[in-house]
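Worksheet: one structure, shown below.
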Amino acid sequence: MVAVATVAAWQLGGNDDGAAARPVSSTTVPPSTTAAATLPPLSPPYSEATRNENAKPGTVNWRLSNLGAAHDIEGYLNVTSAQAGDAVTLYANTVAPSFTIEAYRLGWYQGLGGRLVWTSPAVSGKVQKAATLIPATQTYEARWDPTTTFVVGKDWPAGSYLLKMIASTGQQRWVPLTVRNDASTAAYVVVSSVSTWQAYNHWGGCSLYDCGGGRGGRSKMVSFDRPYDVGGDGAAASANELPVVMRAEELNLDVTYMTSMDVHERPQLLQQHKAIISLGHDEYWSKSMVDGTQAARDAGVNLLFLGANAMYRQVRFEPSAVGADRHMVNYRSTADPIRLTDPSRTTVSFRDSPVNRPEARIIGEQYQCNPVRADGIVVEPDNWIWADAGVTAASHIEILVGSEYDQYIHGQGGPDNVEIVAHSPISCRGRPGYSDVTYYTAPSGAGVFATGTNYWVSKLQPPDFPNTAYNPIVVKATQNVLIAFGAGPAGKAHPSVPNWKALPGTGR
């Protein structure tokens, strides 16, 4: 449960159920943050508004300190995102007589990660009914009475937010919310992977992966009308998303925020930006999301895929009693009834028939296997991506690869002009392979960067975070890509120079 990477891997344990495994710390290194005195002038892609916002006092109080039992306090919203002035409804269940809500915006904020923006008055608590099961699809949802409605304030800047529910008896939970601005033309848009969070959510009993308690089976449809389970993938996403938000705002970049549901419903908005940022585990996409992202790339918008296993499984959406697009369908087979009427939306993996749309066509490389754990190996130390990162040929980046990995293999659908800047040997389930950090330029001039590993984002954590996996090489490389991509189509300054034929394992 986290608005953007929000429940920290170092705060909540839990089974990832096939999600990206959480990395361990890298070797301790000196802190490396950007000093204000070294920042360039605040013209695009930099933002005075971002600098002013992050100069406000930060806090670590967005973190959870008392989880209590599983259902002591929990909740969900009727939306995944809202704009300033919108009314948002919270559905809450708690054993406490009352609770309050604290809204924290996530960002740099002196390296503390968040700022308190709003505190609600006390809200009366209520024990709501148990989860409702839709048997045909093994779908659980919380058909609760609305608890309270609040308005997103005009003084809430666009961003990733955590609503921290605090019971009068002390227990705490998060509810994520993205505050968006559909009119924004910011250089960067960060897309929170709420569809992937929901895929791994077990609340009520089942996720898109399995049903707990040894019952077998899995959901063919999951609902946004339920809280995130404690310790589940959605609730432990800080290793996958929050570090990117912090580093982008540390640099004072001109950045705004959307969710994957916003991309599904309004894909045309992607073309208002210069760079789209996909985060550490962004697996579940609809046809609309893919179509919109491909159209943006073909219009010159740069793409950053800062994880692995992105754009892998196709989903589609149906309405619930709460609103449109609240049920996410994923049969994972041609048994999906929509195959008979609209085969292109069949909920199989994108690369499979009848969709036949390998993700490498957009990302440049694509998912291969899970789990792995290995060092990253630099193969192009003079490439602009590694500028001033202190690497040489064959430099090792400690435990960069895991737990899922992507690889460029010619013939799997990726473009021919892919440049591989790290090529890291791995072994997964007894099969050798390579995890690749890739870059290519599209005919439009757009640059497409992909890390090929879920662990990349965790290396962006500040060095003083608990159990940090911080690595200054990854921080610098990410800064290089962000800054280049915020200037417009990156291929104009950095056309890709294909080198895959010189490397092993690429199908040359």
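For C369, the residues whose amide H sits under 5 Å from its own are Y405, ignoring neighbours fewer than 5 places away on the same chain, with H placed 1.01 Å from N. Students often forget the sequence filter, so: which aspartates and glutamates lie under 15 Å Cα-Cα from K129 once same-chain residues fewer than 8 apart are removed? Cross-link targets: D72, E74, E141, D145, D225.
I want the local charge near V79. Using Cβ-Cβ distances under 12 Å, sum +1 for each Lys or Arg and -1 for each Asp or Glu among the other residues. Present the calculation step by step, with values, prior to reporting the outcome.
Working: positive: R180, R326; negative: D86, D225, D262, E265, D325.
Neighbour charge sum, excluding V79 itself: -3.
Note on A87 and T334: their simple-model spin labels are 4.9 nm apart, each label 7 Å out from Cα toward Cβ. Amide H to amide H, with H built 1.01 Å from N, R357 comes under 5 Å of R351, D352, counting only residues 5 or more places away or on other chains.
The tail of the calculated P(r) for the chain, taken as Cα-Cα distances beyond 29 Å, holds 46 percent of the pairs.
Karplus-derived 3J(HN,Hα) values for the stretch 475-483, using 6.51 cos²θ - 1.76 cosθ + 1.60 with θ = phi - 60°, are 4, 5, 4, 5, 4, 4, 5, 4, 5 Hz; glycine and proline are entered as x.
Bridging of K220 to lysines at a Cα separation below 16 Å is possible for none of them, once same-chain residues fewer than 8 apart are set aside. Treating only the Cβ of Lys, Arg, Asp and Glu as charged (+1, +1, -1, -1), what charge dipole size does the chain show about its Cα centre? Round to the nearest 20 debye. So the magnitude is around 540 debye. Of all lysines in the structure, the ones whose alpha carbon falls short of 27 Å from that of K459, not counting any fewer than 8 places away in one chain, are K56, K164, K274, K476.
For T94, the residues whose modelled amide H falls within less than 5 Å of its own, excluding neighbours fewer than 5 places apart on the same chain, are K126, V127, Q128. Each of I134 and A122 was given a label point 7 Å from its Cα along the Cα-to-Cβ line. The distance between the two points is 3.8 nm.
Normalized C-alpha radius of gyration of the stretch 380-452, against 2.2 N^0.38 Å?
Values: Rg = 13.1 Å, N = 73, 2.2 N^0.38 = 11.2 Å.
Compactness ratio reported: 1.17.
Readers should treat all values here as calculations from the given coordinates under stated rules, not as data from a laboratory. On a predicted model such as this, the values are computed, not experimentally measured, just so you know. Please note: Cβ atoms are built from the backbone with ideal geometry, for glycine as well, and neighbour counts cover all protein chains shown.
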